[in-house]
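We did not get these values from a lab; they are worked out from the coordinates using the rules stated. Computed from a predicted structure; not experimentally measured. In this analysis, Cβ positions are derived from the backbone assuming ideal geometry, glycine residues included, and neighbour counts consider all displayed protein chains.
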Amino acid sequence: MYKTQCSACNKEVEVPFKPDGKRPVFCKDCLKEYRRQQAKLQEDLKETEDKKTETENKKTDQEQKKDSPSLKELINQAMKEKRDD
Ligand SMILES: [Zn+2]
């Protein structure tokens, strides 16, 4: 066991791995809170991701409408084909 300090409350904690100083180490109480917050963060992230996808889908719809030929163009096309006959 290695002795180190909880990154959140500075309480002395013992961990089974050698603290590398990069990853935060938490005591039991803070770890619980940390995991809870991380889960919430990931939920928020997922929500944001969903909203982003929704917006992108809407954007694609609009772009497709813009790119699709207008009624006038369709009529012109039909008239041209008729003339070619
Ligand atoms: Zn703590």
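Table for the structure above
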| item | result |
| --- | --- |
| Qualifying position, being within 16 Å of the ligand (Cβ to nearest atom) and exposed (fewer than 11 other Cβ atoms within 10 Å of the Cβ), among 3, 11 | 3 |
| Residue within region 44-64 that is in a loop (DSSP other than H, G, I, E, B) and exposed (fewer than 10 other Cβ atoms within 10 Å of the Cβ) present | no |
| Residue ID - nearest to the ligand (Cβ to nearest atom), chosen from residues in region 14-38 that are part of a helix (DSSP H, G or I) and exposed (fewer than 12 other Cβ atoms within 10 Å of the Cβ) | 28 |
